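Notes follow once the structure below has been shown.
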């Protein structure tokens, strides 16, 4: 198996200096590159090792304290190196959104995959069936939420004839939400269809995704979440009463992106006769961010203050750096950072520091600096008219929502606190 | 030189069936895949060959009719195969946004590159200088818009000591716009700085980008564009009067994304004593789209009706296909298409047709179907409650703005009108 550390890197990777000849990723520290010295072309995305270490420690403490299982969503980073780090942090498996993700995970040695999505197409079903037959250590789960979907699965699996049944989780959801059956009777009809195909399907548990429910404010959303877990509870108890779960512990899984305290407490209260295993899927803890994840953390510790004291809190590990390339108007700078480099779907990146090559190191930016727009390759930075920033200076940006920033980078450099490049991680989107 | 057609493809590329063993890209037609038969995992991005051919013919007719030069912006697709097609359509060169782009272009045999951006950093300048020295056929241009920027270039180039000067274009812009000097006196100061460094810099022409000027409506924006070209005219004449242009034709270049009729007419009217070469940089003509580019085309033919008759008009060549994975609420379907698959920065993708495997082929979707939101891997499709769409059906989406969709795909299949896969193009983001 070729692991990322063994792979050859060159200037085909954005963030690697033009003209760099191929080298093994695990030799990147020997280049002696330092971001602050201007050694890297900008924009560049970096991960701060000290923050990754702190966030890993936080998750280890959280899992130890709560006894929950974690299958962090791999779609966030699509980085097998981070997956193996998450497994070392105590993760039980890695969550995928598609069979395309799962093939990548398998290639890099991930054996337990929770595909938090419906499995639909003939070629996708055939591949999963083939892996189930080929590798007894492959532990795979996917979702069902409709009779049509179960029928497609049963048809595809019977055609592919795997040597063992496919584990499915029955998904419950809420009106106005995303996937998932909306009420007990629909849920039970789907569960019955699964129970009627024991040759190819095995009902392993109940799943929901509480991360994206509609509502104008936190209080409303949190009420919706409570209703969703009530449906999950009803469904889990009714399925157990019918004896439709496979033998062994019942899996109960929720997305848990930002409400993992609520999700965990709600699932603990379900109270089945069988033992249960509670699986959360939060994928963003490792990098955290300067916006969305930070705000979610604040709300979480307000709701569940006891979690704040488990370990030092998560810190943003991911930063984007760009040059000031123009200062065309008194209150505006144009920076070399665009939509091709940073996610913009929740907030625009947040300027947090600046640096002049040869200067004293990064200086925090006070109020008055704000990114107001982005084109594909440019950012519009609003700044005080007397700002010292000039063409050739560097600006450090935090992001808000790691998922849509990771997918802009095939390589992220890992840096020490002095911005020396000490490692690198690859992504596989 | 390894060209994309020679490269090995397998299921590491999104859109290729799981379990596909490596094959050469130029053998993809032999797979016998047909999208409508369910042979491809969805979501998939496809390019319709007949539309690419039509759009190529349109551009050839436009260039023949106008005598303009085209350096289409390669950032749109980052696909060397499409670049070589654009060169065959009559393109004079390919536009880049960064040195990272330029290294990719060079790797795939592109000799003339207009970097429509400032060149700033030490490693980037050193690479360009090295290429200028190494390859006499390398024809490279970049922009300058500030004294600080010229100073960085001069310092970097003198350190790298290329065997010939670097061609620069003086960028003019408008207050509230992006990069570019805002008035004649600033422009002339930058031009003078270039003229004072003839050992390393050569002033090849004047550039502007009219594509993103602020304004509440078309009429206001078009007035701003007129003002920008007035500044370009003033500047070009003043620089010529000082004798600061390099010998030979003066390059005049504008983005021309969607206003290329106005840009061309304005630059024709500048009236220098020297011969001029007018270079437009529109990158989107080849794929067109179902939204932004289509609306821009409509406005263009209203302004410049004579262009409509040159050849059959551009047609959308790019389509995204997804499965219905859930129909959880009466008026809603969830489809397997998310922000990881489609750009959303101008409009959400537009549902245009649906298909059932084994059915009669794609049927147009009437009114009442609309994508209302997207998560990373899911789309929310609003539809009539009596819609025939069910789980497992396919939906075809058009996009609005090719740039941010291309970057979601490393492989796009080329399909015939019956959706047989006849080719493939790779992107290098």
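Listed here are the residues, each with its yes/no results for (1) closer than 19 Å to residue A:192 by Cα; (2) not in a strand (DSSP E or B).
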residue	(1), (2)
A:238	yes, yes
A:244	yes, yes
A:251	yes, no
A:256	no, yes
A:261	no, yes
A:266	no, yes
A:270	no, yes
A:273	no, yes
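Quick check on my filter: what residues within the range A:171-220 are under 19 Å from residue A:272 (Cβ atoms) and assigned to a helix (DSSP H, G or I)?
Within the range A:171-220, A:184, A:187, A:188, A:190, A:191, A:192, A:194, A:195 meet the criteria.
Scan B:18, B:64 and give me the residue that is within 13 Å of another protein chain (Cβ to nearest Cβ) and either in contact with a helix residue (DSSP H, G or I) (Cβ under 6 Å, 6 or more places away or on another chain) or not in a loop (DSSP other than H, G, I, E, B) (or both).
The unique qualifying residue is B:18.
Just checking, does the range A:221-230 include any residue being modelled with pLDDT under 95 and in a loop (DSSP other than H, G, I, E, B)?
No, the range A:221-230 has no match at all.
Do you know which residues across the range A:67-79 are out of contact with any strand residue (DSSP E or B) (no Cβ under 8 Å at 6 or more places or on another chain) and part of a helix (DSSP H, G or I)?
Answer for the range A:67-79, where residues must be out of contact with any strand residue (DSSP E or B) (no Cβ under 8 Å at 6 or more places or on another chain) and part of a helix (DSSP H, G or I): just A:76.
Among the residues of the range A:323-332 satisfying the criterion of being surrounded by 22 or more Cβ atoms within 10 Å (Cβ to Cβ) and farther than 18 Å from residue B:213 by Cβ, which is farthest from the other protein chains (Cβ to nearest Cβ)?
A:324
Of all residues being within 24 Å of the chain's Cα centre (by Cα) and more than 10 Å from chain B (Cβ to nearest Cβ) in the range A:147-171, which is nearest to residue A:236 (Cα to Cα)? Just the residue, please.
Among residues in the range A:147-171 that are within 24 Å of the chain's Cα centre (by Cα) and more than 10 Å from chain B (Cβ to nearest Cβ), the one nearest to residue A:236 (Cα to Cα) is A:170.
Which one of these does residue B:392 not meet: (1) more than 9 Å from every other protein chain (Cβ to nearest Cβ); (2) in a loop (DSSP other than H, G, I, E, B); (3) in contact with a strand residue (DSSP E or B) (Cβ under 7 Å, 6 or more places away or on another chain); (4) crowded, with 17+ Cβ neighbours inside 10 Å?
(1)
Of everything in the range A:403-412, what is surrounded by fewer than 24 Cβ atoms within 10 Å (Cβ to Cβ) and either away from chain B (no Cβ under 11 Å) or part of a strand (DSSP E or B) (or both)? Give them in sequence order.
A:411
I'd like the residue in the range A:372-389 that is within 12 Å of chain B (Cβ to nearest Cβ) and in contact (Cβ under 8 Å) with a residue 40 or more places away in the chain and, out of all such residues, is surrounded by the fewest Cβ atoms within 10 Å (Cβ to Cβ).
Restricting to residues being within 12 Å of chain B (Cβ to nearest Cβ) and in contact (Cβ under 8 Å) with a residue 40 or more places away in the chain, the top hit is A:382.
Name the single residue that is surrounded by the fewest Cβ atoms within 10 Å (Cβ to Cβ) among those in the range A:78-106 being under 15 Å from residue A:314 (Cβ atoms) and modelled with pLDDT of 95 or more.
Filtering the range A:78-106 for residues that are under 15 Å from residue A:314 (Cβ atoms) and modelled with pLDDT of 95 or more, the one surrounded by the fewest Cβ atoms within 10 Å (Cβ to Cβ) comes out as A:85.
Restricting attention to the range A:112-133, which residues are under 18 Å from the mean Cα position of the chain (by Cα) and surrounded by fewer than 18 Cβ atoms within 10 Å (Cβ to Cβ)?
A:112
If a residue has to be under 22 Å from residue A:21 (Cα atoms) and touching a residue at least 60 places away in the same chain (Cβ under 8 Å) to count, how many in the range B:106-141 make the cut?
3
To keep it simple, each residue is scored yes or no on (1) over 21 Å from residue B:112 (Cα atoms); (2) surrounded by 14 or more Cβ atoms within 10 Å (Cβ to Cβ); (3) without any contact (Cβ under 8 Å) to a residue 40 or more places away in the chain.
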| position | (1), (2), (3) |
| --- | --- |
| B:150 | yes, yes, no |
| B:177 | yes, yes, no |
| B:186 | yes, yes, yes |
| B:192 | yes, yes, no |
| B:196 | yes, no, yes |
| B:225 | yes, yes, no |
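Run down A:25, A:35, A:42, A:47 and say which single residue is touching a helix residue (DSSP H, G or I) at 6+ places or on another chain (Cβ under 8 Å) and surrounded by 15 or more Cβ atoms within 10 Å (Cβ to Cβ).
It is A:25.
Considering only residues that are within 12 Å of chain A (Cβ to nearest Cβ) and either in contact with a helix residue (DSSP H, G or I) (Cβ under 8 Å, 6 or more places away or on another chain) or farther than 29 Å from residue B:189 by Cβ (or both), look in the range B:134-146 and name the one that is surrounded by the most Cβ atoms within 10 Å (Cβ to Cβ).
B:145
The values are calculated or read from the model by the stated rules, or taken from the named source; none is laboratory data. Given the structure is predicted, the values throughout are model-derived calculations rather than measurements. Using ideal geometry, Cβ is built from the backbone for each residue, glycine included, and neighbour counts are taken over all protein chains shown.
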